[in-house]
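Beneath this line is the structure, given in structure tokens, with notes to follow.
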Amino acid sequence: MSKQLLMDRFGRMHDYLRISVTDRCNLRCVYCMPEEGMEFEPDEKLLTFDEIADVVRVLAGLGVRKLRLTGGEPLVRKNLEQLVAMLSAIPGIEDIALTTNGIYFASRAEKLRAAGLTRVNISLDSLRADRFALITRGGDITRVLASIEEAYRVGITPIKLNVVLMKGINDDEIADFLQMTIDRPIQVRFIEYMPIGHADENWKSRYLPLSAVLDCCQERGWQAEASEAVYGNGPAQNYRIAGAKGAFGLIHPISDHFCETCNRLRLTADGNIKPCLYWSDEFNVRKYIGDDEAVENLFFRALDIKPQNHEMAQALLNEAQSHTPTLRRMSQIGG
Ligand code: SAM
Ligand code: SF4
């Protein structure tokens, strides 16, 4: 008898799992983590590679086809290549992507590709070395740029760059990132700054709706054509500037949410299923690992309470919300 698939009560099919492999990071991006005071999970609290692979094997039987490894910084977890190899050997898994800050990627790209990594997103919020260091609180941009080149060299393409736009911080670089898509076969994904774990006044003053990107195209006389081409699983609305080698995408969860097409579930490094990035609901799967039916049931329970949408826009307007937002920071969830 064929198994039930991961469909929720709003008819959304879930075939995509984002796996956070660690809550630790070698950077401290201003929008993601406080500079000091973060408490990290002790190693014994993290799911082991065997446990992660076991959960994925069960989910592959329920229709999950695409995975993304994230964090924290996934490359601070030792031997990530081994996990990629374990996951790529699971029947049904077709796509294993990585989201990384790019600091350690260049030296690992070849091995990750050999292990079965299919795609990479590299986060880069500024093309200026000094500003990059300020946003990441100490990151060296030359390492990230080297990682982008290495991804090309080993053939993990198309490469996506994640750019979180913040008013008064990096919005004057929108045109530079767009120019990059004209010159190179790269996918730049502009992301709205989200209030995950910190819907405070600072967030509100830095939040920028992504209409700013289309306004920039108009000011420059660049024809941005909506493009159907979707590389991967993203919720991005995709565009290409006429004649450009690359493309850009807009991920605007606040100004125009895309919850009706949500196909993703999240697994935190400490083994919690998160049906929605924004809300606090979590289900710890660890104690059920080894009992496939119990793991399946827990995922179905998580799907059962998955809300129709998040309410980040209400946070911006100080409006009442229907559930409790998560207290976790983005680094503890994985984006
Ligand atoms: N360390 C990796 C990295 O930075 O790519 C992976 C984890 S990070 C949490 C995943 C993505 O979330 C990154 O692209 C990052 O820019 C984005 N992110 C973090 N905090 C965010 C926020 N408050 N709003 C929007 N995006 C955020
Ligand atoms: Fe680390 Fe990524 Fe968060 Fe930056 S965005 S602090 S690199 S987890």
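The values are calculated or read from the model by the stated rules, or taken from the named source; none is laboratory data. Just so you know, these numbers come straight off a predicted model, no measurement behind them. All Cβ positions, glycine included, derive from the backbone under ideal geometry; neighbour counts span all protein chains shown. The protein model used for the area step is the full one, side chains on, heavy atoms only, and it has no ligands, DNA or RNA in it. Shrake-Rupley method; radii C 1.70, N 1.55, O 1.52, S 1.80 Å.
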Dividing the alpha-carbon radius of gyration of the stretch 30-174 by 2.2 N^0.38 Å, where N counts its residues, gives 1.12
The stretch 16-333 - percent of accessible surface contributed by carbon and sulfur, probe 1.4 Å
48 percent
In square angstrom, what is the accessible area per residue of the chain with a 1.4 angstrom probe?
43 Å²
Highest-fluctuation residue, ARG301, ARG28, ARG189 considered, GNM on the chain with Cα pairs under 10 Å:
ARG301
Please get the size of the charge dipole for the stretch 1-145, origin at its Cα centre, with Cβ charges of +1 on Lys and Arg and -1 on Asp and Glu, quoted in debye to the nearest 20.
520 debye
Projected-area average for the chain over all orientations - Cα convex hull basis, square nanometres:
16.5 nm²
Counting only Cα atoms, I'd like the Rg/Rh figure for the stretch 277-335, Kirkwood definition for Rh.
1.06
Return the subset of LYS45/LYS306; LYS66/LYS160; LYS45/LYS287; LYS167/LYS274 for which the Cα-Cα distance in this structure is over 23 Å, preserving the input order.
LYS45/LYS306; LYS167/LYS274
Looks like the stretch 222-287, by Cα gyration tensor root eigenvalues a ≥ b ≥ c and the a/c under 1.5 rounded cutoff (else prolate when a/b is bigger than b/c, oblate otherwise), is prolate
With a 1.4 Å probe and all protein chains kept in place, how do TYR239, TYR104, TYR278 rank by accessible area, largest first?
TYR104, TYR239, TYR278
Report the trypsin sites (Lys or Arg not before Pro) located in the stretch 60-125 that are in a DSSP loop and have at most 15 other Cβ atoms inside 10 Å of their Cβ, or state none.
ARG65, LYS78
How much solvent-accessible surface does PHE177 expose, in Å² to the nearest 10, with a 1.4 Å probe and all protein chains in place?
0 Å²
Please work out how much length the chain gains when fully extended from GLU260 to ARG128, using 0.36 nm per residue of separation minus the C-alpha to C-alpha distance, in nm with one decimal.
43.9 nm
Which distance in Å, rounded to a whole number, links the C-alpha centroids of the stretch 240-301 and the stretch 4-22?
7 Å
Using alpha-carbon positions, the gyration tensor of the stretch 227-335 gives root eigenvalues a ≥ b ≥ c; with a/c under 1.5 called rounded, otherwise prolate if a/b exceeds b/c, else oblate, the class is oblate
Report the normalised scattering of the stretch 1-67 as log10 I(q)/I(0) at q = 0.12 Å⁻¹, calculated by the Debye formula with identical scatterers on the alpha carbons.
-0.51
What percent do you get for the relative contact order of the stretch 16-333 when only Cα pairs under 8 Å and 6+ apart count?
19 percent
Relative to the Cα centre, what is the charge dipole magnitude of the stretch 207-313, using +1 at the beta carbon of each Lys and Arg, -1 at the beta carbon of each Asp and Glu, and rounding to the nearest 20 debye?
340 debye
Note down the nm distance, to one decimal, between modelled labels 7 Å out along Cα→Cβ at LYS45 and at LYS167.
3.5 nm
Of the listed peptides 134-140, 216-222, what is their order by residue-averaged count of other C-beta atoms within 10 Å, with the highest listed first?
134-140, 216-222
Rotationally averaged projected area of the stretch 165-274 (alpha carbon convex hull; nm²):
8.2 nm²
What's log10 of I(q)/I(0) for the stretch 258-303 at q = 0.15, 0.31 Å⁻¹, Debye sum over Cα points only, no solvent?
-0.38, -1.20
Please give the Cα centre distance for the stretch 39-94 versus the stretch 158-201, rounded to the nearest Å.
27 Å
Quote the charge dipole size of the chain about the Cα centre in Debye, to the nearest 20; the model charges only the Cβ of Lys and Arg (+1) and of Asp and Glu (-1).
600 debye
Run through all the Cα pairs of the stretch 127-207 and give the fraction in each 10 Å bin from 0, expressed as whole percent.
15, 44, 32, 8, 0
Considering only DSSP states other than H, G, I, E and B, which GluC sites (Glu not before Pro) in the stretch 137-173 qualify as loop sites with at most 12 other Cβ atoms within 10 Å?
none
Partnerless cysteines (no other Cys beta carbon under 4.7 Å) identified across the chain are CYS25, CYS216, CYS217, CYS259, CYS262, CYS276
